[in-house]
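Here's the structure, in structure tokens; my notes come after.
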Amino acid sequence: MTPTIRRLVVLTGLTRTQLDTITAALASPPGPGRPWALPLPARIVLTAAALRTNLTVRQIAAVFDIPKSQAHRIITDLTPKLAGLLPSTIDGDRRWSWTVDGTLIPTRDRTVAGKSKNYRYSTNAQVLSRRRDLLVIDITGGGAGNRNDTIPYRDSTVQQRCAEHGRVYADGGYRGITELHTPTFAGGRIVRDAAWRRHRKKRARAEHCIARLKDWQVLRDHRRRGHRLPDTLRAVADLHNLRILTRTPLRDVT
């Protein structure tokens, strides 16, 4: 790893071990066309830094001292490839319970976003995670953020996984969905008994997972086209899972 990459890895929140893992997974023989301005490890760092910091393409290009068009080309090329690595980090072991919850992703492309309760134009992302360690099992997104969680949840890959698993906890917003464990309602209100308190503690892990995902600032202000959001979500989930699976302290970035 070159000194420049070592200095810039800190922008991504990744360690050298994690960077080497991604590099090995994405390595391929050079193809035809215009050569890249940076080697593969540096391109991965650039893409991860763009997701982590949400700097504009012009700012990222200035940090890496390359043309703006080249930076845009690198981000556009590598984000779907990082998204494609997500299945390799998923552990579908049914012995561990899961949680599902929705979150709003502020999105500037109003062709897919809707005015939402966060007073911004947002899209809805459904996050399915393992309760034990917050590993993301599946993530989908793209629907308008002014819809209830059940609408983007239905007929999605998240629903299919929940139906197959059978031990998935969700909040009261998913009331009536049989494959999920939700609070008990009576008279239109949640019954706040001992079972509800146990359920609340288990389901709260979904909020913890979403908070960790939003360490990547791109999920706090998605400036890219709306049809790019699914790839962005899956790329962030892949980097999040990699951090969980490796568990290497950040102090090895020197």
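So which residues in segment 127-149 are free of Cβ contacts under 8 Å to residues at least 40 places away in the same chain and out of contact with any helix residue (DSSP H, G or I) (no Cβ under 6 Å at 6 or more places or on another chain)?
Correct list: R130, R132, A144, N146, R147, N148.
Which one of the conditions (1) in a helix (DSSP H, G or I); (2) open to solvent by 50 Å² or more (accessible area, probe 1.4 Å); (3) among the aliphatic types (A, V, I, L, M) does L82 fail to meet, given that it meets all the rest?
Only one criterion in (1) in a helix (DSSP H, G or I); (2) open to solvent by 50 Å² or more (accessible area, probe 1.4 Å); (3) among the aliphatic types (A, V, I, L, M) is unmet by L82, namely (2).
Could you list, in sequence order, the residues of segment 10-38 that are in contact (Cβ under 8 Å) with a residue 24 or more places away in the chain and not β-branched (V, I, T)?
L11, G13, L14, R16, Q18, L19, A25, L26, W36, A37, L38
To keep it simple, each residue is scored yes or no on (1) acidic (D, E); (2) loosely packed, with under 15 Cβ neighbours inside 10 Å; (3) within 23 Å of the chain's Cα centre (by Cα).
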| site | (1), (2), (3) |
| --- | --- |
| D149 | yes, no, yes |
| A163 | no, yes, yes |
| Y169 | no, no, yes |
| R198 | no, yes, no |
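Step by step: first the residues of segment 27-63, then only those that are of a type in the set (K, R) and part of a helix (DSSP H, G or I), then the one that is farthest from P80 (Cα to Cα). Which residue is that?
Only one residue tops the list, namely R58.
Counting only residues that are surrounded by fewer than 24 Cβ atoms within 10 Å (Cβ to Cβ) and in contact (Cβ under 8 Å) with a residue 40 or more places away in the chain, which one in segment 106-126 is farthest from R243 (Cα to Cα)?
Looking at residues that are surrounded by fewer than 24 Cβ atoms within 10 Å (Cβ to Cβ) and in contact (Cβ under 8 Å) with a residue 40 or more places away in the chain, I get T111.
Suppose the filter is touching a residue at least 24 places away in the same chain (Cβ under 8 Å), farther than 17 Å from P80 by Cα, among the β-branched types (V, I, T) and in a loop (DSSP other than H, G, I, E, B); does I210 pass it?
It is false that I210 is touching a residue at least 24 places away in the same chain (Cβ under 8 Å), farther than 17 Å from P80 by Cα, among the β-branched types (V, I, T) and in a loop (DSSP other than H, G, I, E, B).
Given the criteria over 22 Å from D231 (Cβ atoms), touching a Cys at 6+ places or on another chain (Cβ under 8 Å) and at pLDDT 90 or above, does V136 qualify?
So V136 fails the test.
State which residue pairs qualify: first residue within 25 Å of I137 (Cβ to Cβ) and inside segment 185-207, second residue among the basic types (K, R) and open to solvent by less than 80 Å² (accessible area, probe 1.4 Å) in any location, beta carbons under 7 Å apart, and separation of 6 or more residues or different chains.
As it stands, the answer is K202/R131; R205/R131, since those pairs meet every condition given.
Looking at E164 and the list (1) under 19 Å from R43 (Cβ atoms); (2) part of a helix (DSSP H, G or I), which single condition is not satisfied?
(1)
Results for (1) out of contact with any Pro (no Cβ under 9 Å at 6 or more places or on another chain); (2) open to solvent by 40 Å² or more (accessible area, probe 1.4 Å); (3) closer than 30 Å to D109 by Cα, shown as yes or no for each residue.
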site: G187; (1), (2), (3): yes, yes, no
site: D193; (1), (2), (3): yes, yes, no
site: A204; (1), (2), (3): yes, no, no
site: D215; (1), (2), (3): yes, yes, yes
site: R224; (1), (2), (3): yes, yes, yes
site: L229; (1), (2), (3): yes, no, yes
site: L233; (1), (2), (3): yes, no, yes
site: I244; (1), (2), (3): yes, no, no
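Which of (1) in a helix (DSSP H, G or I); (2) open to solvent by 60 Å² or more (accessible area, probe 1.4 Å); (3) touching a residue at least 60 places away in the same chain (Cβ under 8 Å) does R94 not meet, given it meets every other one?
All conditions are met except number (1).
The values are calculated or read from the model by the stated rules, or taken from the named source; none is laboratory data. This is a predicted model, so every value here is computed, not measured. Backbone-built Cβ (ideal geometry, glycine too); neighbour counts: all protein chains shown. Note: areas computed on protein heavy atoms with side chains; ligands, DNA, RNA excluded. Shrake-Rupley method; radii C 1.70, N 1.55, O 1.52, S 1.80 Å.
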